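A quick write-up on the structure given underneath.
The values are calculated or read from the model by the stated rules, or taken from the named source; none is laboratory data. Since the model is a prediction, treat every value here as computed from it, not as a measurement. Positions of Cβ are backbone-derived with ideal geometry, glycine not excepted, and every protein chain shown enters the neighbour counts.
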Amino acid sequence: MELDFDPSAFSGNVPLFPLPGAVILPAGLLPLHVFEDRYRDMLGDALAGERLVALAHLLPGYEEHYEGNPEIDPYVCVGRIIMDQQLPDGRYNMVLAGVRRARVVEEDQSRTYRVGRVEILEDHCPEAFDEAETARRLHHFLEQLPQSFVRHGDRLGRAMLLLDQVPTAPLGLVVDLLADTLELSLPTRLALLREDRVPSRVATLTDRLRERARTSGRAPRPLWPPRFSAN
């Protein structure tokens, strides 16, 4: 499956694809159109290698330095290219499936595109944290969300079914899948990407959805009361 990833077989080096306004999470899917020469080079090399690309978020102020190597957020999502199509003029269409959170610890800028040396970030869950009970409450909360909050209804339905299988299905992965099916702001997606602690990720998702519901005047009723500790 697309999410299979063996850290022991990973080289630790991955091409960086910096984009403004785009964030992908593990379990997420992102269609991309590649047209710049440097990123055509990047994709060709990735397809000949591990078929991995790390999507990186460009930090504010990138516009003045876009043709160079503007600063990126160090937290990235390593994705696997699961579909690729090269067009007659050399451009590419591709679909990237997020597989792991990672943090860029070093960059190689000697090629036409950037390559990151990354540290894979695995999910962390305290022993005392009850994943099954959290999944049950999260399921109840999501059932009350307005339809306007949903981006992919069919995928949301499948993710909700997975909530019933926690902890057999890892809660952290299910939360990422849920996030990909919802209409979330870029800051919320970035906050979720940076969070490898599962309780904090659940709290971030529910708090941001609650806040959006309040500001839109469409708060789910009754509001879900539990708060989750980051510990």
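Summary of computed values
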| quantity | calculated |
| --- | --- |
| In segment 10-62, the residues that are of a type in the set (A, V, I, L, M), in contact (Cβ under 8 Å) with a residue 60 or more places away in the chain and on the phi < 0 side of the Ramachandran plot | VAL14, LEU16, VAL23, ILE24, LEU25, LEU29, LEU30, LEU32, VAL34, MET42, ALA54, ALA56 |
| Of all residues in segment 104-119 being within 19 Å of the chain's Cα centre (by Cα) and surrounded by fewer than 16 Cβ atoms within 10 Å (Cβ to Cβ), the one that is nearest to ILE72 (Cα to Cα) | VAL105 |
| Wholly enclosed strands (runs of 3 or more DSSP E) of segment 66-158 bearing at least 1 residues on the phi < 0 side of the Ramachandran plot and polar (S, T, N, Q) | 75-86, 92-108 |
| Options GLU50, GLU143: the member that is closer than 25 Å to ASP176 by Cα, of a type outside the set (A, V, I, L, M) and not assigned by TED's automatic domain parsing to the domain that holds LEU19 | GLU143 |
| Residue check, ARG158 exposed (fewer than 15 other Cβ atoms within 10 Å of the Cβ) and basic (Lys, Arg) | yes |
| Close pairs (9 angstrom Cβ cut-off, 6 or more residues apart or separate chains): closer than 18 Å to THR215 by Cβ in segment 175-201, surrounded by fewer than 22 Cβ atoms within 10 Å (Cβ to Cβ) and aromatic (Phe, Trp, Tyr) anywhere | LEU182/PHE149; GLU183/PHE149; LEU184/PHE149 |
| Residue within segment 68-80 that is charged (D, E, K, R), under 24 Å from ARG189 (Cβ atoms) and at pLDDT 90 or above present | yes |
| Candidate set: segment 101-121, residues that are in contact with a helix residue (DSSP H, G or I) (Cβ under 8 Å, 6 or more places away or on another chain) and charged (D, E, K, R); chosen: the one nearest to ASP45 (Cα to Cα) | ARG111 |
